[in-house]
Amino acid sequence: MPQNRHEIAISRLSILLEHISVQAKQTDQLNSKQKSHRLIENNNLFSQHLFTTESDKIFIYVEEVKKRLNEFSRLYALSGDNSNKAEFAKSSLQRIEQQISALMNAIQSNQTMHQAAQASFDARKNIRVKAAKAAQLKQNDAYNKMAKSVLLTSHQLYQQLSEHHEFERRLRDMITEREQQRIRSKSANTEKLSQEVLALHQRLGRCRKAISSIERSIEQAEKSKLR
């Protein structure tokens, strides 16, 4: 009996998935050797609306699609000739094709995504080096500011600390949001998002320095009360 168009589609998609599976393994292997992958390894590659898998490994998503295609093929073969069979096949195959398209795009854009991550990785390193130098140069000034802050009451200091912790939390949320946007964005928008991430990390660094300064001030204030 000749194959119908849905059976042909199943065969075509199975062959395509085997090819993608090889590419996915190679891509995952390459990513594991890149330092920049550390910045995105804890992020899911795709929307939860498209995949149930949660991973930074492309091959694991390929396995999900294979299982979906095999399950569809089994159910399609068991279903009888009824009016719902064609609609079932159409919607299922469309979903699988969407997933395959997303996988192919992820593999193709993998290098660009990691170049952006590498730029952010280098930027973070530069920030740490510059921050260390700046901290050394401004050490005396920091001590002067700390001495003045001791004059504040404990209540005011704890209020400041609470506000800075809240600001720190918001910055971390913003960084996570921008990182995810950058991973999913097209290459034209990647550079802009990388710059935003860099600026947010700079603000986060200043916020954490301020938190440390306030905590030292609280310690000094508490010691002064005990004298």
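The values are calculated or read from the model by the stated rules, or taken from the named source; none is laboratory data. All figures in this text were calculated on a predicted structure; none of them were measured in a lab. Cβ placement follows ideal geometry from the backbone for every residue including glycine, while neighbour counts extend to all protein chains displayed. What goes into the accessible areas is simple: the full protein's heavy atoms, side chains included, and nothing from ligands, DNA or RNA. Shrake-Rupley method; radii C 1.70, N 1.55, O 1.52, S 1.80 Å.
Within region 45-67, the set of residues being assigned to a helix (DSSP H, G or I), out of contact with any Ser or Thr (no Cβ under 8 Å at 6 or more places or on another chain) and within 10 Å of Gln99 (Cβ to Cβ) comprises Val65 only. Open to solvent by 70 Å² or more (accessible area, probe 1.4 Å), at pLDDT 70 or above and under 25 Å from the mean Cα position of the chain (by Cα): is that true of Gln94 in this structure? Criteria not met by Gln94.
As for region 195-205, it holds at least one residue that is touching a Ser or Thr at 6+ places or on another chain (Cβ under 9 Å) and hydrophobic (A, V, I, L, M, F, W, C). Can we say Gln34 is within 25 Å of Ser185 (Cβ to Cβ) and either modelled with pLDDT of 80 or more or of a type in the set (Asp, Glu) (or both)? For Gln34, the condition - within 25 Å of Ser185 (Cβ to Cβ) and either modelled with pLDDT of 80 or more or of a type in the set (Asp, Glu) (or both) - is not met. In the set Ala89, Ala132, Ala102, Ala119, only one residue is modelled with pLDDT under 70, in a helix (DSSP H, G or I) and buried (at least 16 other Cβ atoms within 10 Å of the Cβ); that residue is Ala119. Does Ser194 satisfy the criteria of being open to solvent by less than 30 Å² (accessible area, probe 1.4 Å), at pLDDT 75 or above and not aromatic (Phe, Trp, Tyr)? So Ser194 passes the test.
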